[in-house]
Structure formats: C-alpha cells, structure tokens
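Enquirer: Here's a structure for you.
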Amino acid sequence: MANIVAQSKNQLPTAPPAAPVPLKSLTDSSNKSLVGDRVYTGVIFAASLTVLAIIFGIVVLMFKAALPSITKFGVPFFFTSTWDPNKQIFGALPFIFGTLYSSFWALLLAIPVSLGAAIFLSEMAPKWLRTPVGFLIELLAAIPSIVYGIWGVFVMSPWINQHIERPIHDNHTLAQVILFQAQPQGSDMLAASLILAIMVTPYITAVSRDILRAIPRVVRDGSYALGATQWETISGVVLPYARAGIIGAVILGLGRALGETMAVTMVIGNSGNGLNLSLFAPGYTMASIIANEFAEASIEIYRAALIEIGLVLFLVTMIVNGFARVLVAYTAKDINSGGGRK
Amino acid sequence: MTTTTLHGGPSNVKARKATNILMLALCSMGAAVAIAALGLVLVYLVTNGIQSMSIGMLIHSANVMDPAQDGLKNAIVGTLILIGTASIIGLPIGILGGVYQVEASGKFASTVRFLTDVLNSIPSIVIGIFVYILVVVPVSKYANAHHLTNVSGYSAFAGGVALAILMIPTIMRTTEEILRLVPVALREGSLALGATRWRTMFSIVLPAAKSGIITGVMLALARIAGETAPLLFTAFGNNVFSTKLFQPIDSLPWSIFINATQPGVDSEAKAHAGALILILLIFSMSLITRYATRKSFMEDK
Amino acid sequence: MTTTAKVHTQTRSLSSAASSKTDTEAPLLNAMDISDLDFYYGKSHALHKIKMPIPKQRVTALIGPSGCGKSTFLRTLNRMNDHIDGAKVEGNVTLDGQDIYARGVDVVELRKRVGMVFQKPNPFPMSIYDNIAYGPRIHGVRNRKVLDELVERCLRGAALWDEVSGDLKRSAFSLSGGQQQRLCIARVLAVEPEVILMDEPCSALDPNSTFRIEQLIEDLASKYTIVIVTHNMQQAARVSHYTGFFLRGDLREYGQTSKIFTNPDDAETEAYVSGRFG
C-alpha cells in the first residue's frame, strides 16, 4: 500500500545489477589505503619529532660550542667577575648577578600591580569593564621588546633620571643608602628593573586572573554568608585557595624576565663592574652581555664563554618555566576536583 | 555609635569597611597603572612616529650618505621576507605537528606537548645562538673553503630559520586546540564512508578548522615580526637593499635597534618611524584576524 | 484505564504491525554473521558472546533499553570502534564469509561495503552535490558525468531528489533535519554498499520526517541489507523482518520480528516489548 505509492514516486532510473558481482576480497586492495595512511602517520610523526630534534640540537650544539670555555674555566666561571676579552679571562658572575638582581626588583614592582589588576578583573570589575580592561592589559604583551627599548631609552630613563634619581642623589641622607649610592647616569639597574616590570605584568596578570576566575562561586559565597567584606573574602579565602597557582604565575613572569633581551640591553648600561648593589649603577644581564658582545667576539674562547652563558640562560629558564607550569597545572587540577587543601 | 559584636566586645566594623575600600582601591590602581604604562608607550610611539614619518621613509632604502634619501624600505621589505621565509619553514611543521597531537595519543604525544611548551619558553636570544651555530657558521666555513668572498654566513635564510623555530610551538598548540573543536561526528561521517584517515583530515577536518588555524598563524606572525634578538646573529641587518636569501637582510626591529643606539637626530627619527610602522603592522595583523574570524564563526552556526 | 489494559493494547498494535513483515521464505544467504562476539571498552566487558546472523536484503532491528550495547554492537560491524582507545574485539564477524577482523583486512574497503548512518545527521560543510560526491571521489571516480548521474541516482534513492534537484550547489546546512538525514543516507548509497547500518536514524527527527525515512527503509530493503538500532519498538515492528533484543550486553533473543513482538520465548524480552520496562 504505502510501499507501492512510495515506489512510484521515486523510480530509480537505473537499478544496480541484480546478479551478484564477484566480491572483492577484503584483503585485496589493502595496499593502497594502508600505504596512504602509513605515509600520513609518518609525516605527522616526523613533524612532531622536529620539536624534539630542536631541543636536543640546542643542548648538544651549544654544549659543544661552549666546551672550550667550560673546560678552561670550570666551575669558577660562575663565581669570578673578571671579564677581560684581551687577556682572555672570563667570569660570568656580574651577568648572573645582574640577571637575578634586575628580575628581583622587577618582580617586586610587578607583583602588586599585576595581582591588583588580576583581582580587579576577576573580583571587582563589572561585566562591561572586564573585556576592555583585560584586552588593554594583554596589549602590553603584544608590544615588541625593541619598542619598549626605545621608549625606555628616549623617555623613561631620562625621566626617572631627572625626577627620581637626581633628587634622591642630591639629598645627602638618602644618598647614603646603599641602594642609591652611585652617580645616576640614566642607563642603570633601576631603569632595567622598571621596564622589565612593565613587560612582565601582562603575563602575571593574565594567568592569575584565569586562576582566580576558575575558583567556584560557592567558595566566596561561604565567606560572604558569614558577614565578611569583599576584601576579607579575597585575602582570607580566595587568594589562599589560589596560592600555588599565583605563585606559579609569578614564577612564569620570572621566567620571562630572565630571558628578556632587547629592552634590557638598551637601558641597563652594559658597563661597570656589574656587581654594584645600587639601583643607580649600570649593570649587565646574561642576555644583555650576549646581545652586546657576541657579534664582536672573534676569538674562539671569547665566543665559547658567551655561548656558555647562553647555555646557562637556557637551562635556568627551562627549569624556572617548568616549575611554574607544574604549579599552575596543579592548582587548576585542584580547583577542578573541587578541593581546596587550605 | 558603638555597636557590639556577638561576643560582646567592641565592634570594628568601621575599620573593616575602611580597610575593604582601601584595598579594593589599591587593586583598581594596579589595573590603572598597567593601562597607564600602555598609554604612555603608545602615545609616545604615535606622536614621535608620526612626526618622523614621511613618504620618503617608506619609499627610500637606507642611505647613510644622504639623509634626504634615507628611508626604511629595505627594513620593511626585509621584515616581510623574513616572515615569509619563516612561514614556509614553520607552518608545515607546526600544522602537521598539531595534526599529530590530535591523531595520536599516548606517552610520546604528551611528551611532545610538554617539549613544545619548553621550546616556547626558551629565550629568543638562545634560539639565535643556536641557529648561528647551526646555519651561519657552517655556511661561512663553506664560503671560506671555497673562497666566496661576499658570503659571510649571515643570511635571511638563517633569520627565517630562527623565526620559524619561534613560530612552531605556537602554531602547534593553536592548531591542536582548533582541531579538537571540530565535531567528532564530522570525522566519523567521513571514516564511515571508507575514507582514509589522511583523507578525512585534509578534506574534512582541516577545512572545517580553517579560520581558527589562520587566526593562530596570524598571531604567531605578529609576534615574530617584532623579534630582534634572534636576528642579531643570523639575519644581521644590511644597509644595502637586498632580497637575497643568502645575504644578510635588514628588518624593522634591527633597523630600530641600530638607529636608536646611534647618536643623531636623523637616526632617532628613523627609529621612531620604524617603531610606528612595526607597531601598526603587528596590531593590524592581530586585530584584523580577530575581527575577521569573529564574524565567520557566527556565520557557520 | 488500568495498566494491564494499556499493555494489552500496546502489544496488540505491535503485533499487528509486526505480522505484516512475516518472512515466509527463509533468506538463502546471510550478508553478515556474528558468532562468539565479545567486546571490551578497556576493562569493561560491554558485549557478551553475541551470536546472530544478518540476513541478506532484509531489515534487522536491534532493540533494547539504553546502555544495553546495541549501538556498540552496530559499530563492531563496520569497525568504527577501531577509533576508540582501549576497544578490544574477540570473536567472529564475517561479511560474505570473510572475517572482517582478520589480519590485513582493508578497513577502507570494508566501510565501502558496510555503510553507516548516524543518530544526528552529520552532513559535511559543503554543497549537497559535494556531500554525495565525496565518497565516490575518494574511491577514485573523477568523471563529471558519472558523478552527476550517481548523485541523481542516490538522491532519488533517498527520496530527496524532488526537493533539492533545483539547486544542488546549496549548502547541506540549508536543509531541514529530516532532509539532512536523507542526504546522509544518499551519501552512503553513493559508495554502493551491500549493508547499511543505521544508528537510531530518526531519534533526532520530527514524526513526519521519521515517517518518510521509514518508508525509505522499506524501499531500500529490496536492494540492501539493513541493520537498524532503534529504541522505538513500534518503529522496529513496522520496518524490520528480524529483531534482536539486547539487554546489558547480552543478546537475549533473536528471531523473526512477528514472533519477537507477539510471542517471544524469553521472559525479559516479553517484559520489554510489553512496555514493562525500558
């Protein structure tokens, strides 16, 4: 009944052959498609292997190139401060110190600003403000290092030299403080720390904000229900809950600060003995000495020493970043599984 | 005025409220400071950049002799060539690597993902040294052995390789994330028709993920366009207009660096003009792709 | 109305529907044969020693409550489970006498011969024409005229030609849900399978579209072997010649549809078809 009606409406112009066609064995044509997929798997595997090869290559090639310096200077390389290309004596202490010192001050300046911004974005800002403000802060990360560099050289350094450093230095009591002891020249540790702080802020802010946002509402509700103010909730409940992740975010910022090259090179001075605790004294970082001197280093041992510094930079950033990522991932998992340990 | 707490002691509600407002204000100030810094940099860039900009900047190549004929053409072209070279090397590896992450599972795949993150966090100057050892030194040794006097080893190719290495982790990550968003039903429909896995990926899954992948690529390109450190020992910079792959090549970041570290009003002007062009290039690449893909995303659904 | 009365009316309507599908002559061949099939998702044992035939050019329905394994079973017939991590198959599944899980079997060839229609229509983001031409193209058909004719034939076979012949370049997404599902059926027809597997093809559709697809299944049954998973018992009774009832990974009973719905041997089967659970 319905069948017949349906059939007449949709007549097939040609029916497939009624007699059974000899069926192909399922294993017959195995070659063509299996080969295609095998090539495919091989190609994409090779592509992913490239990442492995690059990292392996970096370690091996740099180690080989730095070997003359490693064998000649050994462990004291990291504790001597003589850097004399003429006498071919190299010690990397000033650069290691400079890197750590500038990063320390950079983080000190960046953490309050970044955390404040993260708290603002996650806990305080009304919906319509969140996206624009977040977007603007992320824009800080899109500005290339070299652009920060010229801003630092032409605007920031002269300004802090004139409005901060000179006045402090002219004040006899303040100038006694070890942090302010050198003659301010413009390109110094303070300028480098400040610019690093600005460059590192968007990363710490973004990661911290994501962590804070991931904390479920009920956690805060519990605190408010007890009559706590917003700040008491944030400082007493939310931040402790996110503690590991925020530390991770800060360490991530540290990782970026350690490797930052161009902006720092342009405002840190690259002169002096490099071991001065004063913020007004010029200094170096590992990245800045490489950027500054690598092109001119024509003697093998000179180059090897610089590459050894690069190797150290590589290892240190890898460890720091790895540690940061573990912390952030641990916090994310913790939050998702609904448990706050503290 | 005095309220008592539950336990009968003096109330500190006023103090708590004051602390609350103070701390929240400080947090807002944090956001304000960050944005203020952004504003300072951008305003400076735009004002000085516009002041130093002229048509000449765009059409003339670098000319150390005659400031009136000086320009950034070789730097702009150089940057484009470097990005192009980096893309040719980095895009296939990055996209195929992302495809691998989606097709494979297991220990090796997660190890690669971890290593990709590691690669992403390596300072770009270290990458520059690596490519120097890998490419520049062998080429210069070869040139010396064969008495090729005008081949120094520094080259656009080396710069492209360095930038490609910087690109690969980003592209792999975004490709993987976008591919995972493609509905499984689409892939199954193709497989059930007897398509091979590679056919399914290239004919169905990748095209469906096209706009997301392009966004990822544009953002990666925007990032490497501004990199200077990896070019210091690879592409090196060139005062002569050059498009040769195996000669040193100028670029916007390099030219900004050189000009900013030289005394002289003209150099300063060139640095500012270059910085403005670079920022415009980067921002337009990021913003246009974000805007363009936001629209197409909605059309599909 | 008491529950018992409702149950009786339901069974009666099912049995009247089912009796129209009595198979008076036993089919001479089985398109597929399953014996001793065990299936594991990692540690979980999802299918237990399944044994059943899939008769050629007949409609076999698989029914059972949610989670009983009928969809999993269906997917073992075209090895779609290969793509799931930790899936393990033991036992025998043959297509025209050849073991489809044997070493060296070309899965691509298998899927040409055993096609699948999914629960939710999943057209490719392409035109109607390209959706249907996709299968033939990847299997090597390039000639434009041949493709044109193939597309028309399959659209007619899926009862969709009259509605879309005006503009085949339209995006597949411009079709309604029911039309999209018929497009997916046409797409499967284009690779000229012997067996068509359907995984609850109407569950995402409205009653009208469901009706049209059931009609389509009846038409297709004369040329193709069809296996259909459905949670709608009336549908199973309407369209199928044979039915298998699955419960918690076991095949409780298999037989002619008329028997399953009027006079099943197994107690659980009877409970299910009279609506007492599921």
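Derivation of every value follows stated rules applied to the coordinates shown; laboratory data play no part. Keep in mind that this is a model prediction, so the values were computed, not measured. Virtual Cβ from ideal backbone geometry, glycine too; neighbours counted across all protein chains shown.
Enquirer: Quick one: the Cα spread of region B:76-147 along its three principal axes, in angstroms, biggest first?
Expert: Principal extents (largest minus smallest coordinate, Cα): 51, 27, 23 Å.
Enquirer: Using a Förster distance of 60 Å, how high is the FRET efficiency between residue A:89 and residue A:221, based on the Cβ-Cβ distance and rounded to 0.05?
Expert: Numbers: r = 64 Å, r/R0 = 1.07.
The value I calculate is 0.40.
Enquirer: Sticking with this structure for a sec: First select every other residue whose beta carbon is under 12 angstrom from the beta carbon of residue A:196; then total the charges, Lys and Arg +1, Asp and Glu -1. Provide the component values of the computation, followed by the final result.
Expert: On the way: positive: A:256; negative: A:260.
Summing Lys and Arg as +1 and Asp and Glu as -1 gives 0.
Enquirer: Follow-up question, since we're still on this one. Share of antiparallel DSSP beta bridges in the protein assembly as shown, in percent to the nearest 5? Please list the in-between numbers first.
Expert: Details: 28 of 47 bridges.
DSSP beta bridges in the protein assembly as shown are roughly 60 percent antiparallel.
Enquirer: Still on this model: Determine, for each peptide in A:40-53, B:106-119, A:247-260, the mean count of other beta carbons within 10 angstrom over its residues, then list the peptides with the highest first. Write out the running numbers ahead of the final one.
Expert: Details: A:40-53: 17.8, B:106-119: 15.6, A:247-260: 24.4.
Output ranking for A:40-53, B:106-119, A:247-260: A:247-260, A:40-53, B:106-119.
Enquirer: Follow-up question, since we're still on this one. On average, how many beta carbons from a partner chain sit within 10 Å of the beta carbon of a residue in A:286-293?
Expert: Values: counts 3, 5, 1, 0, 8, 7, 1, 0.
The shielding value for this peptide is 3.
Enquirer: Diagonalise the Cα gyration tensor of region C:37-145 and give the resulting equivalent ellipsoid semi-axes, square root of 5 times each eigenvalue, largest first, whole Å.
Expert: Working: eigenvalues 158, 58, 45 Å².
Semi-axes from the Cα gyration tensor: 28, 17, 15 Å.
Enquirer: Using only the C-alpha atoms of region B:133-262, find the volume of their convex hull and express it per residue in Å³.
Expert: Details: hull volume 18.4 nm³, N = 130.
Per residue, the Cα convex hull of region B:133-262 comes to 142 Å³.
Enquirer: Explain nothing, just compute: Karplus ³J(HN,Hα) = 6.51 cos²θ - 1.76 cosθ + 1.60, θ = phi - 60°, for every residue of region C:182-198 in order, whole Hz, x for Gly and Pro.
Expert: Values per residue, Gly and Pro as x: 5, 5, 5, 5, 4, 4, 5, 4, 5, 8, 6, x, 9, 10, 10, 9, 10 Hz.
Enquirer: Please compute the net charge surrounding residue B:51, taking Lys and Arg as +1 and Asp and Glu as -1 over other residues with Cβ under 15 Å from its Cβ. Please report the intermediate quantities before stating the final value.
Expert: Values: positive: B:270; negative: B:266, B:268.
Once all neighbours under 15 Å are counted, the net charge is -1.
Enquirer: With charges set only on the Cβ (+1 for Lys and Arg, -1 for Asp and Glu), what does the dipole of chain A come to about its Cα centre, in debye to the nearest 20? It would help to have the intermediate numbers written out before the result.
Expert: Values: 21 positive and 17 negative charges, 255 e Å.
I would put it at about 1220 debye.
Enquirer: Between A:187, A:88, A:151, whose Cα lies farthest towards the positive end of the dipole of region A:41-200 when Lys and Arg beta carbons carry +1 and Asp and Glu beta carbons carry -1, centred on the Cα centre?
Expert: Toward the positive end, the furthest listed residue is A:88.
Enquirer: If the only charges are +1 at each Lys and Arg Cβ and -1 at each Asp and Glu Cβ, what is the size of the charge dipole of the protein assembly as shown around the Cα centre, to the nearest 20 debye? Write out the running numbers ahead of the final one.
Expert: Details: 75 positive and 63 negative charges, 259 e Å.
So the dipole magnitude of the protein assembly as shown works out to roughly 1240 debye.
Enquirer: Now for a different question. Which log10 I(q)/I(0) values, to two decimals, does region C:192-278 give at q = 0.17, 0.18, 0.23, 0.25 Å⁻¹ under the Debye formula with one point per Cα?
Expert: Taking Cα atoms of region C:192-278 as identical point scatterers yields -0.75, -0.83, -1.21, -1.33.
Enquirer: With only Lys, Arg, Asp and Glu charged, each at its Cβ (+1 for the first two, -1 for the last two), find how big the charge dipole of region C:170-271 is about the Cα centre; round to the nearest 20 debye. Don't skip to the answer; put the middle values down first.
Expert: Numbers: 9 positive and 14 negative charges, 100 e Å.
Charge dipole of region C:170-271: 480 debye, to the nearest 20.
Enquirer: If you project the alpha carbons of chain B onto their three principal axes, what span does each projection cover, largest first, in Å?
Expert: 94, 67, 39
Enquirer: Next question. How do the peptides B:15-25, C:71-81, A:235-245 rank, highest first, by the average count of neighbouring beta carbon atoms within 10 Å per residue? Mind dumping the intermediate values first?
Expert: Numbers: B:15-25: 14.1, C:71-81: 21.9, A:235-245: 19.2.
Top of the packing list down: C:71-81, A:235-245, B:15-25.
Enquirer: Note the full-extension length gain between residue C:170 and residue C:267 as 0.36 nm times their separation in residues minus their Cα-Cα distance, in nm to one decimal. Write out the running numbers ahead of the final one.
Expert: Numbers: separation 97, 0.36 × 97 = 34.92 nm, distance 5.13 nm.
Contour length minus Cα-Cα distance gives 29.8 nm.
Enquirer: Within chain A, which DSSP H helices have Cα atoms that stretch 24 Å or more along the helix axis and a mean Kyte-Doolittle hydropathy of at least 0.5? Write down the numbers at each step before the final one.
Expert: Numbers: long enough: A:30-73 (62 Å, 1.28); A:93-119 (38 Å, 1.73); A:189-214 (37 Å, 1.38); A:243-259 (25 Å, 1.38); A:300-336 (53 Å, 1.18).
Sorted by number, the helices that extend far enough and score high enough are A:30-73, A:93-119, A:189-214, A:243-259, A:300-336.
Enquirer: Return the distance in nm (one decimal) between the two label points of a simple spin-label model at residue A:301 and residue B:88, each offset 7 Å from Cα along Cα→Cβ.
Expert: 4.2
Enquirer: Report the calculated FRET efficiency for residue A:332 and residue B:142 (r = Cβ-Cβ distance, R0 = 35 Å), to the nearest 0.05. Walk me through the numbers before you get to the answer.
Expert: On the way: r = 49 Å, r/R0 = 1.41.
Efficiency at R0 = 35 Å is approximately 0.10.
Enquirer: Follow-up question, since we're still on this one. Please compute, for the alpha-carbon atoms of the protein assembly as shown, the extent along each of the three principal axes and give them in descending order in Å.
Expert: So the extents along the principal axes, rounded to whole Å, are 112, 94, 55.
Enquirer: Let me know the shape class of chain A, please: from the alpha-carbon gyration tensor, a ≥ b ≥ c as square roots of the eigenvalues, rounded when a/c is under 1.5, otherwise prolate if a/b is greater than b/c, or oblate. Intermediate results must be reported in sequence, preceding the final value.
Expert: Values: a/c = 2.89, a/b = 1.54, b/c = 1.87.
Because a/c hits 1.5 or more and a/b fails to exceed b/c, chain A counts as oblate.
Enquirer: Separate question: Points 7 angstrom from Cα along the Cβ direction at residue B:214 and residue B:63: gap in nanometres?
Expert: It works out to 3.9 nm between the two label points.
Enquirer: Let me see the pair-distance distribution of chain C: every alpha carbon pair, 10 Å bin width, integer percents in order.
Expert: 7, 28, 34, 22, 8, 1, 0
Enquirer: Past the 22 Å Cα-Cα mark, which pairs from C:49/C:112; C:49/C:223; C:112/C:223; C:51/C:259? Provide the component values of the computation, followed by the final result.
Expert: Numbers: C:49/C:112 27 Å; C:49/C:223 30 Å; C:112/C:223 16 Å; C:51/C:259 18 Å.
Distance filter (> 22 Å) returns C:49/C:112; C:49/C:223.
Enquirer: Quick one: angle between helix C:144-157 and the longest Cα principal axis of chain C, in degrees between 0 and 90, rounded to 10, please.
Expert: Between the helix axis and the principal axis of chain C, the angle is about 30 degrees.
Enquirer: Estimate the FRET efficiency between residue B:15 and residue A:235 by the formula 1/(1 + (r/R0)^6), using the beta-carbon distance for r and 22 Å for R0, to the nearest 0.05. Walk me through the numbers on the way to the answer.
Expert: Numbers: r = 15 Å, r/R0 = 0.67.
Efficiency computed from Cβ-Cβ geometry: 0.90.
Enquirer: Rank C:123, C:77, C:105 by how far each Cα sits towards the positive end of the charge dipole of region C:68-150 (+1 on Lys, Arg Cβ; -1 on Asp, Glu Cβ) and give me just the farthest.
Expert: After comparing all options, I get C:123.
Enquirer: DSSP beta bridges in region C:129-278, what fraction antiparallel, as a percent rounded to 5?
Expert: Values: 6 of 11 bridges.
The answer is about 55 percent antiparallel.
Enquirer: Put +1 on the Cβ of every Lys and Arg and -1 on every Asp and Glu Cβ in the protein assembly as shown; which of A:163, B:215, C:143 then has its Cα farthest towards the positive end of the dipole?
Expert: Towards the positive end, the residue furthest out is C:143.
Enquirer: Sort region C:168-216 into rounded, prolate or oblate with this rule: let a ≥ b ≥ c be the square roots of the eigenvalues of the Cα gyration tensor; rounded if a/c is under 1.5, and if a/c is not under 1.5, prolate when a/b is larger than b/c, oblate otherwise. Spell out each step's value before the answer.
Expert: Numbers: a/c = 2.10, a/b = 1.05, b/c = 2.01.
Verdict is oblate for region C:168-216.
Enquirer: Give me the distance in nm between label points sitting 7 Å out from Cα along the Cα-to-Cβ direction at residue A:63 and residue A:104, one decimal.
Expert: Result for the modelled spin labels: 3.1 nm.
Enquirer: Take peptide B:35-44, look around each residue's Cβ out to 10 angstrom, count Cβ atoms belonging to other protein chains, and average those counts. Present the calculation step by step, with values, prior to reporting the outcome.
Expert: Details: counts 7, 0, 14, 10, 1, 5, 11, 6, 1, 6.
For this peptide, the per-residue mean of nearby foreign Cβ atoms is 6.
Enquirer: While we're here: If packing is taken as the average number of other Cβ atoms within 10 Å across a peptide's residues, how do B:127-137, B:87-97, B:46-56 rank, most packed first?
Expert: Values: B:127-137: 24.9, B:87-97: 21.4, B:46-56: 15.0.
The densest-packed peptide leads the list: B:127-137, B:87-97, B:46-56.
Enquirer: What does the charge count around residue C:42 come to, taking other residues whose C-beta lies under 12 Å from its C-beta (Lys +1, Arg +1, Asp -1, Glu -1)? Let's see the in-between values first.
Expert: Values: positive: C:43, C:88; negative: C:85.
That works out to +1.
Enquirer: Hull surface divided by four, with the convex hull built on the Cα atoms of region A:45-84: how many nm²?
Expert: Projected area, direction-averaged: 3.7 nm².
Enquirer: Ignoring solvent entirely, what values of log10 I(q)/I(0) come out of the Debye formula for region B:109-182 at 0.21, 0.22, 0.27 Å⁻¹ when each Cα is a single scatterer?
Expert: At q = 0.21, 0.22, 0.27 Å⁻¹ the computed log10 ratios are -0.89, -0.93, -1.15.
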